[in-house]
Structure formats: structure tokens, C-alpha cells
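Step one of this worksheet: look at the structure below.
The values are calculated or read from the model by the stated rules, or taken from the named source; none is laboratory data. Bear in mind the structure is a predicted one, so any value in this text is a computation, not a measurement. Please note: Cβ atoms are built from the backbone with ideal geometry, for glycine as well, and neighbour counts cover all protein chains shown. SASA here: full protein model, heavy atoms, side chains in, ligands and nucleic acids out. Shrake-Rupley method; radii C 1.70, N 1.55, O 1.52, S 1.80 Å.
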Amino acid sequence: MGPVPNDLPEQDREKRRATFTEDADLYRSARPGYPEVLFDELTALAGLRPRARVLEIGCGTGQATLPMAARGYRITAVELGVEMAAAARRRLAAHDDVAVHTAAFENWPLPEAAFDLVMAAASLHWVHPAVRWRKTAAALAPGGSVAAFDTWHVAGGDDAAFAEMQRCYECFLPGTPPGLRLPAAADLPDARADEAEASGLFAAAHRRRYAWECVYDREAYLRLLCTYSRVCALEPESRAAFLACIAAVIDGLPGARVRKVHLTQLMVAQRRVR
């Protein structure tokens with residue numbers, strides 16, 4: 001019922017992350033952004049100085065890049081999807097200190113000059129686990145930090161409607177566990193922070209959480225679903241049937257609108273001195 005899990009089998013990860021190259025404009029318009037307070041706290045926790053050098057992994061269409069660019073940081077962004085990277089360049093054209101490279105982070109050669117921050121907004125789970133933390137640490141200057149954040153669909157809003165939508169997932173999305181229900185925000189583990197600490201490359205992580213509610217009409221919600229990799233990966237007929245099933249549930253709600261609660265988890269961790 002939302003973003004992909006923290007980690008995927010390698011074959012699934014490669015297949016599903018390729019779907020994000022297909023419709024960058026849909027992704028840009030349909031996906032929610034991030035609370036401004038997140039960026040204020042991120043920069044404070046990382047101790048970023050004015051004009052600090054930031055490396056962003058998987059910038060997508062620039063949803064997290066833009067708030068950081070507006071704060072005056074020099075940003076190098078790496079994005080796998082050709083269309084995504086092009087959309088990010090258009091979106092960030094007014095910011096001379098932003099460069100967007102089209103590449104997979106795993107294969108992208110690190111520049112000699114190290115970064116003050118490596119940032120990953122809903123993207124780190126696409127990076128191969130064997131590379132994820134090692135290369136991130138290698139990109140950082142002494143005293144530099146990594147910041148990662150992911151947004152999840154949690155309990156709240158129109159819970160009864162989402163429980164009804166579960167049958168759509170079970171019918172049309174292979175591998176959906178039967179009877180799955182949305183987790184309470186308090187029950188979600190800080191998996192990314194735990195993972196960074198377990199790597200041995202970073203100090204104890206700062207952990208922050210931000211929850212907010214969005215209201216979607218039927219078309220807006222269907223567009224949002226079409227940005228999720230599991231839905232993108234469906235065959236066209238199965239995707240159409242799945243979306244029709246979801247639409248029928250929303251049409252039964254007052255005003256044909258559905259309330260969804262998002263939770264964004266932020267972790268910031270400083271690189272250990274080698």
C-alpha cells in the first residue's frame with residue numbers, strides 16, 4: 001500500500017527501479033513533497049555550513065533537491081533515469097550550483113573533492129546493499145554526514161477504505177500478503193538508521209519523524225499509485241483492473257475523496273573517522 005520495502009531481491013530491484021524512467025512528469029506532479037521542517041532539521045543535525053557540498057543519490061525529479069538548492073548548497077545529484085534527470089535539470093535550471101548526472105550511483109566515479117553531506121530521499125533502497133554504505137562513506141569528507149529519508153503510508157485517515165483496497169492488492173499485485181493492514185506510525189522501525197549504525201562506518205544516528213495527512217480525489221490517488229514500482233511493473237491489463245478496483249472503493253467515500261496519512265522518517269549520521 002505504498003513505497004517499496006527497505007530491500008528487495010536483486011532481480012526485483014533492478015527491474016523495478018527501471019520503471020521510474022518511464023513517466024517523469026507524472027512522478028513530479030503526483031508524488032508528495034517533504035515538510036520544510038525536515039530540511040531545517042537535516043541541515044542543523046548535519047552541521048552544514050553555507051555553500052556546503054552535497055551529493056544526492058537518486059534525485060528523481062528534484063523534489064528534495066530544490067529545497068536544498070534554495071538554501072544555497074552546492075549540489076551534485078546522480079540519477080539513474082534519463083527522463084527523471086532531464087526533469088530535474090529543468091526544475092533546477094535557475095540554480096547554477098546544481099549539477100545532475102545521469103548514472104547509477106553504484107557505477108558513478110566519485111570525484112576527488114569530498115562532500116559535506118550525502119543525501120538520499122526515498123532512494124537508498126534502490127542502491128545495492130553491498131555498495132550502499134561503503135560508497136556513501138567514501139564520498140564524505142572528515143566530519144561529513146549522510147542523511148536518508150523515506151515516506152511511508154501509515155494507519156490513519158480513511159483506514160476502513162484502505163482495508164477494503166487490500167482485496168485489490170491481493171487480486172492484482174502478486175506477492176501481497178493476505179490480510180495486510182497499515183502499520184501504526186509508532187510501530188515502524190527506524191530501519192535505515194539501524195542499518196547505517198550496523199555498517200560500522202557511521203556514528204549513532206539522529207532520528208526524526210514527520211507525519212501529515214493528504215486528501216486525494218480519485219484521479220489524483222490513481223496517479224499517485226501509478227508512480228509506485230509495484231504498480232508500474234504490472235502488465236497493462238492487470239494495472240487497469242487494479243486501478244479500477246481502487247477507484248470503485250474511492251467512489252464509495254464522501255465526495256469521492258480519500259484521506260491518507262504519510263510518515264517521513266529522517267536519519268542523519270556522521271561518518272566515523274577512519
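Taking the stretch 84-98 as the region of interest, how many residues are more than 18 Å from L117 (Cα to Cα) and either among the hydrophobic types (A, V, I, L, M, F, W, C) or under 17 Å from the mean Cα position of the chain (by Cα) (or both)?
8
Tally up the residues in the stretch 46-63 that are of a type in the set (A, V, I, L, M), in a loop (DSSP other than H, G, I, E, B) and surrounded by 24 or more Cβ atoms within 10 Å (Cβ to Cβ), please.
0
Does F115 qualify as being buried (at least 19 other Cβ atoms within 10 Å of the Cβ), in contact with a Lys or Arg (Cβ under 6 Å, 6 or more places away or on another chain) and touching a residue at least 24 places away in the same chain (Cβ under 8 Å)?
Criteria met by F115.
Here is a yes/no grid of residues against (1) among the basic types (K, R); (2) surrounded by fewer than 14 Cβ atoms within 10 Å (Cβ to Cβ):
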site	(1), (2)
A241	no, no
D251	no, yes
G255	no, yes
R259	yes, no
Q265	no, no
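Sort through E164, E106, E79 and tell me the only one that's closer than 13 Å to L55 by Cβ and either open to solvent by 10 Å² or more (accessible area, probe 1.4 Å) or without any contact (Cβ under 8 Å) to a residue 24 or more places away in the chain (or both).
One residue alone meets the criteria, E79.
Has the stretch 103-115 got any residue that is of a type in the set (A, V, I, L, M), outside any loop (DSSP other than H, G, I, E, B) and out of contact with any Asp or Glu (no Cβ under 6 Å at 6 or more places or on another chain)?
Scanning the stretch 103-115 turns up no residue that is of a type in the set (A, V, I, L, M), outside any loop (DSSP other than H, G, I, E, B) and out of contact with any Asp or Glu (no Cβ under 6 Å at 6 or more places or on another chain).
Quick check on the stretch 209-225. Is at least one of its residues exposed (fewer than 13 other Cβ atoms within 10 Å of the Cβ), touching a residue at least 60 places away in the same chain (Cβ under 8 Å) and within 30 Å of A46 (Cα to Cα)?
no
I'd like to verify a number: residues in the stretch 122-171 that are assigned to a helix (DSSP H, G or I) and among the β-branched types (V, I, T), how many?
Residues in the stretch 122-171 being assigned to a helix (DSSP H, G or I) and among the β-branched types (V, I, T): 2 in total.
Considering only the stretch 172-226, how many residues are modelled with pLDDT of 95 or more, outside any helix (DSSP H, G or I) and either of a type in the set (S, T, N, Q) or touching a Cys at 6+ places or on another chain (Cβ under 8 Å) (or both)?
Number of matching residues: 1.
Within the bounds of the stretch 123-131, is there any residue that is of a type in the set (V, I, T), buried (at least 21 other Cβ atoms within 10 Å of the Cβ), under 17 Å from the mean Cα position of the chain (by Cα) and over 30 Å from R239 (Cβ atoms)?
Among the residues of the stretch 123-131, not one is of a type in the set (V, I, T), buried (at least 21 other Cβ atoms within 10 Å of the Cβ), under 17 Å from the mean Cα position of the chain (by Cα) and over 30 Å from R239 (Cβ atoms), which makes the answer no.
In this structure, does L182 turn out to be closer than 23 Å to C232 by Cβ, open to solvent by less than 10 Å² (accessible area, probe 1.4 Å), under 20 Å from the mean Cα position of the chain (by Cα) and among the aliphatic types (A, V, I, L, M)?
The answer is no for L182.
Report whether or not L42 is surrounded by fewer than 22 Cβ atoms within 10 Å (Cβ to Cβ), modelled with pLDDT of 95 or more and touching a Lys or Arg at 6+ places or on another chain (Cβ under 9 Å).
Judged against the criteria, L42 is not a match.
Checking A88 against (1) small (G, A, S); (2) in contact with a strand residue (DSSP E or B) (Cβ under 8 Å, 6 or more places away or on another chain); (3) not in a helix (DSSP H, G or I), which single condition isn't satisfied?
(3)
Which of the residues that make up the stretch 134-160 are free of Cβ contacts under 8 Å to residues at least 60 places away in the same chain and open to solvent by 30 Å² or more (accessible area, probe 1.4 Å)?
A138, D159, A160, listed by residue number.
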